[in-house]
Amino acid sequence: MKKGLRVAALLGLLSGCTTTPPTIGDSAPQLNDRRAEQAYQELLAKYSDRAEIYDGFDTRLFAGATFQSLEFREARVRRQSQFQILPKPRVEEMLAKEHTEEAQFNEFHLGVHLNDHRFEDFADRKRSIWRVVMVTPQGEVEPLSVERIGRSNLDMRAMYPYLGVFWVAYRVRFPKVKQDGTPIIPENVSYVTLRLASTLGHVELRVHAR
């Protein structure tokens, strides 16, 4: 009877476990304008997804990704301008840059946390254990580049609050069009998936495409 109670207690504790790393340090910054904050968080949720890889009860990987749609890019710039009180010409310059990059790439902001830092090698495309692809209804697409931005900081977390203190951010860029000029993501496609796969396991981060 006592053994059964101990097992039940253990299961109860496990059921209460979260699927995110423990929160350490300051919370992600938020705007004082509550409506603007809520609107941004809703848009972030639309274009973001999170997933984990476990080995039993041990965490291998936490990952979060945000698709850089034009709608999200503009919202991110507006958010930065509100935090930093940027002058209008600077905001217009930043928006123009975002429009140019959105026309060139299908891009994800990727955040990862691995307990074993040896496997945090996404940017080393020749030797990385990870295969990174974007999946659409037409098939898989290989990235043009995977750039390590660096460890998360308050500025990053203001835009992507799912990043923990010890997470690392990457910029993952895919082509915008095929060799024949047709879009990689057709107009009738609503969702795309960023897949990270290795011998540790795999995750699929599914987000709105527009």
Review point. Within region 1-117, which helices (runs of 4 or more DSSP H) (wholly inside it) include 2 or more residues that are loosely packed, with under 15 Cβ neighbours inside 10 Å and at pLDDT 95 or above?
Key: 34-46, 70-84, 88-104
Review point. Any chance region 161-176 includes a residue that's of a type in the set (Ser, Thr, Tyr) and surrounded by fewer than 18 Cβ atoms within 10 Å (Cβ to Cβ)?
Key: no
Revision key, fill the gap. Here the qualifying pairs (Cβ atoms under 7 Å; residues six or more apart or on different chains; first in region 177-189 and within 16 Å of residue 206 (Cα to Cα) and touching a residue at least 60 places away in the same chain (Cβ under 8 Å); second small (Gly, Ala, Ser) and in a loop (DSSP other than H, G, I, E, B)) come out as 185/209
Review point. Which residue pairs have Cβ atoms closer than 9 Å, lie 6 or more positions apart in sequence or on different chains, and pair a first residue in region 149-176 that is acidic (Asp, Glu) with a second residue that is crowded, with 20+ Cβ neighbours inside 10 Å and not in a loop (DSSP other than H, G, I, E, B)?
Key: none
Review point. Within region 134-163, can you find the residues that are part of a strand (DSSP E or B) and under 16 Å from residue 124 (Cα atoms)?
Key: 145, 146, 147, 148, 149, 150
Practice item. Search region 92-116 for residues that are at positive phi and pair each with any residue that is basic (Lys, Arg) and surrounded by 17 or more Cβ atoms within 10 Å (Cβ to Cβ) when their beta-carbon atoms are under 6 Å apart and the residues are at least 6 apart or on different chains. Key: none
Practice item. Please tell me if residue 168 is under 17 Å from the mean Cα position of the chain (by Cα), under 22 Å from residue 46 (Cα atoms) and at pLDDT 95 or above. Key: yes
**Study point:** From the options 153, 106, 115, residue that is among the polar types (S, T, N, Q) and within 14 Å of the chain's Cα centre (by Cα)
**Key:** 106
Exercise for review: Please go through region 199-210 and pick out each residue that is surrounded by fewer than 18 Cβ atoms within 10 Å (Cβ to Cβ) and farther than 21 Å from residue 40 by Cα.
Suggested key: 199, 200, 201, 202, 204
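The values are calculated or read from the model by the stated rules, or taken from the named source; none is laboratory data. What you see is a predicted model; the values in this text were computed from it and never measured. A quick note on method: Cβ atoms are made from the backbone with ideal geometry, for glycine too, and the neighbour counts reach across all protein chains shown.
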